[in-house]
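Structure record follows, encoded as structure tokens.
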């Protein structure tokens, strides 16, 4: 299984990529990868994303220092979503200074 | 924190939604929700998605019986991604008959 199994065409070259702690399974964030950012990620072992708002490649942690080291890469059944298990080098993943991007809990009463 | 904090407009009413096991933190799948499918999810406690390929709402497990009961709902820092912790009612989540959609591991040599 390699990069050729990913359906970049279907997704207009933008693949949603779930970033998960390899030790605790905590989900840190969702980013987006195009083919080049995934190639850079595989080549270097450091997470690289495609920024949809800035239209550019970026290496996670390049300015913040909070880098993400790749441990394992998974593709889903449809070939259009990635799940990457990582080791966080640093203290937090989110630009808000929190460990994860998913800290806002929505009101929900269990049914 | 509620549904009004979600940036549906930015995402053309299609919010990527990570589905995670509430007990083990295993990531089961990534689906997509529009406002109505999220409202149905919150109202019933059962995961409802928006199908991009079929252009219709669908309740997860409606035909397969593998339903997902909502435990907690989180929104990310940008307001454009959901993470929902669930309890799986049934045996598997993936239409391929596997427990999770992320079973294909990509070749990667740790750096």
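No lab work stands behind these numbers, since they all come straight from the coordinates. Note that the structure is predicted; figures quoted are calculated from it, not measured. Heads up, the Cβs are rebuilt from the backbone with ideal geometry, glycines too, and the neighbour counts pull from every protein chain shown.
Orientation-averaged projection of the stretch B:1-60 equals 4.6 nm² [convex hull of Cα atoms, one quarter of hull surface area]. The value for the protein assembly as shown of Rg(Cα) / (2.2 N^0.38 Å) is 0.97. Placing a label point 7 Å from the Cα of residue A:57 along the Cα-to-Cβ direction, the distances to the matching points in the other copies come to 4.3 nm, shortest first.
For the pair the stretch B:84-98 and the stretch A:36-65, the centres of their Cα atoms are 31 angstrom apart. Comment: the Cα-to-Cβ extended label point of residue B:96, at 7 Å, lies 3.4 nm from its counterparts in the other copies, nearest first. Each copy carries a label point for residue A:78 at 7 Å from Cα toward Cβ; from one copy, the others' points are 1.9 nm away, ordered from shortest. From helices alone, chain B scores -2500 deg cm²/dmol at 222 nm; the rule is -39500 (n - 2.57) for each run of n ≥ 4 DSSP H residues, then divide by the residue total.
Dimensions of chain A along the principal axes, based on C-alpha atoms and rounded to the nearest Å, stand at 41, 39, 29, largest first. Per residue, the average separation of C-alpha pairs within less than 8 Å and at least 6 apart gives chain A a relative contact order of 26 percent.
Comparing A:96, A:17, A:81, which has the greatest mean-square fluctuation in the GNM of chain A with Cα pairs linked when under 10 Å apart? Ranking A:96, A:17, A:81 by mean-square fluctuation puts A:96 first. Highest mobility in the GNM of chain A, judged by mean-square fluctuation with C-alpha springs under 10 Å and restricted to A:21, A:78, A:46, is found for A:78. The mean number of partner chain beta-carbon atoms within 10 angstrom of a residue's beta-carbon across peptide A:15-24 is 2. Calculated FRET efficiency, residue B:39 and residue A:96, Cβ-Cβ r, R0 30 Å, to nearest 0.05? About 0.65, to the nearest 0.05. Where the alpha-carbon atoms of the stretch A:36-94 are placed on the principal axes, they occupy 33, 26, 22 Å, in descending order.
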